[in-house]
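The values are calculated or read from the model by the stated rules, or taken from the named source; none is laboratory data. None of the values given here were measured: they were computed from a predicted structure. No Cβ is skipped: glycine too gets one built from the backbone with ideal geometry, and neighbour counts run over all protein chains shown. Remember, those area values only see protein heavy atoms, side chains included, never the ligands or the DNA or RNA. Shrake-Rupley method; radii C 1.70, N 1.55, O 1.52, S 1.80 Å.
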Amino acid sequence: MNVASIIEFFESMIKSTSMTNNDAAYGAGMAGGPFDLVLFFKKPQVIIRIVNLLFSLIVFASIATEASYKQGTCPMNNDGTACGYGILIGVIGFISCIIFLILDARFENLSSIKIRKRIVVSDMVFSFAWSVVWFLIFCYNANEWRKTSAEIEAKSEAYLIRISLAFTFFSIITWSMIGLLNFLRYRQGVSDIFENGYEDPNQENIPTEPYHQAPFNNNFNTDMGYQANY
C-alpha cells in the first residue's frame, strides 16, 4: 500500500462519516443535521484522538506514579527535567484532546465556513507541532534512561518508565496521523467550496439596489442646450 492509496482511504473515510447526507464542508455535513453519537465515534479523527488521549494519560501517569519519582528522585538518570517534561507534555496533550473532542462534537452545528476552516487549520498545526514535541521528548528521555546507572534502575519501577517511553514513541505516529487527517479535511473543504459554491450564512448581505443618479439643480434643455441658474 503506497502513500497515495493511504491518502485516498482517509479521504473516503472522512467523506463517508459525515453526520448528514448533505454535501460535506471541511469533512462534515452542512449545519442543522441531527447529532448521531454512533456515527460520531466512527469518525477517523475522533477514533485517533481518543487513542491520543489514552496515550497521553499513560505517559504522564506512568512517570507520576513511579515509586522513586514520588520520593523526589527522577528514575531517568536522576534528571528532574526528563520527568517534568514527560509529565507536562502528557498533561497538555491530554487536555488538548478533550478540547478538540468537544470541537469535533460541535463541528456539525457550526454554520460558518470560516469558523470551520479555523478549527481545522488550528487542529492541523497543533497536531503536527505536538508530534514534533513528542519526538523531541522521546529522544531526550530515551537518552537519559540509557545513561541511567544500574543502581538507580534497580531502585526504580523500570517497567513504568519503559511503558512511558513506548507510548511516547507511539504518540509521535498517532499525532502525525491526526495532522494528516486535518490536512485532508482542509484540502477537501477548499475543494468543496469551489466546486459547490458554499456561502457563509453569517456573511452580511450587501444591498443590490441599482444606482440612482442624484438630481441636478441646474436646468438642462436638450433643444436649447445647457442653461445655468445664476
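Select from the range 98-128 the residues that are over 11 Å from the mean Cα position of the chain (by Cα) and free of Cβ contacts under 8 Å to residues at least 24 places away in the same chain and list them in ascending order. Result: Ile102, Arg106, Ile115. Has the range 174-184 got at least one residue that is out of contact with any Cys (no Cβ under 6 Å at 6 or more places or on another chain), of a type outside the set (D, E, K, R), over 19 Å from Leu53 (Cα atoms) and crowded, with 16+ Cβ neighbours inside 10 Å? Checked the range 174-184: at least one residue is out of contact with any Cys (no Cβ under 6 Å at 6 or more places or on another chain), of a type outside the set (D, E, K, R), over 19 Å from Leu53 (Cα atoms) and crowded, with 16+ Cβ neighbours inside 10 Å.
Quick one: in the range 138-148, which of the residues that are touching a residue at least 40 places away in the same chain (Cβ under 8 Å) and in a helix (DSSP H, G or I) is most open to solvent (accessible area, probe 1.4 Å)?
For the range 138-148, the residue satisfying everything is Tyr140.
Of the set (1) polar (S, T, N, Q); (2) open to solvent by 60 Å² or more (accessible area, probe 1.4 Å); (3) modelled with pLDDT of 90 or more, all apply to Asn2 but (3).
Among residues of the range 149-163 that are touching a residue at least 12 places away in the same chain (Cβ under 8 Å), those with a beta-carbon under 7 Å from a residue that is assigned to a helix (DSSP H, G or I) and open to solvent by 50 Å² or more (accessible area, probe 1.4 Å) at least six positions away or on a different chain give the pairs Ile163/Ile58.
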